[in-house]
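Since the structure comes first, as structure tokens, the remarks are kept for the end.
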Amino acid sequence: MKPKGKIYIKSSSDDSTTSTLKLSGFINIGQAGPTESNTGDAEEHILSAEKPSFEVGSSSKLSFGKMKSEDDNAKKVWNLSAMDMNDDDVELINDDDLLEEEDLIVPDASSLKADCGTGATKPKKACKNCSCGLAEELEAGKAPEPKAATSACGSCYLGDAFRCASCPYLGMPAFKPGEKISLSSRQLTADS
């Protein structure tokens, strides 16, 4: 059937034939003539349908898909490509020349630790340019309080299933909010 071709169908069931025509791709489906009644109870309907003007697989441009034309007064963006530069005259620096012999020596782990007096035998002392407030606490004479462990999730007391990956209570049993956690010696020993 050619595009825009018409078809006329005589059918006893108006709704099912209309549905079949729509699903077959026909458009402008309607009654073409008067309803005929035979000697039986069933009425016959004459339906007309039209084949669309496009073929299967054809495409058309949509109005909202058009690109806007660029304004001539708009700023032009520039960039440099590798071909724009005359890099035949440019000398590159060797990466190995940037390093000195001191940079190639691997430091010991003990030399990297800052001696801030936080060991078990030494009392905690403040740095020269203390900005955390430890210097003021030590001058006032009170011992620095250990920071309470906090987490981002706020549901640490419910147990490991509800704790986030950075939770300080990970691996510990569930507890009541605000309660200090104390582990028994059985829980502190490794399983064998």
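The values are calculated or read from the model by the stated rules, or taken from the named source; none is laboratory data. Note that this is a predicted model, so its numbers are computed, not measured. Glycine also receives a Cβ, built like all others from the backbone with ideal geometry; neighbour counts cover every protein chain displayed.
Quick notes
- Given (1) surrounded by 10 or more Cβ atoms within 10 Å (Cβ to Cβ); (2) in contact with a Phe, Trp or Tyr (Cβ under 9 Å, 6 or more places away or on another chain); (3) modelled with pLDDT under 80, index of the condition Cys116 fails: (2)
- Pairs, first surrounded by fewer than 10 Cβ atoms within 10 Å (Cβ to Cβ) and in a loop (DSSP other than H, G, I, E, B) in the stretch 51-65, second at pLDDT 80 or above and of a type outside the set (Phe, Trp, Tyr), C-beta under 7 Å, six or more apart: Glu55/Pro3
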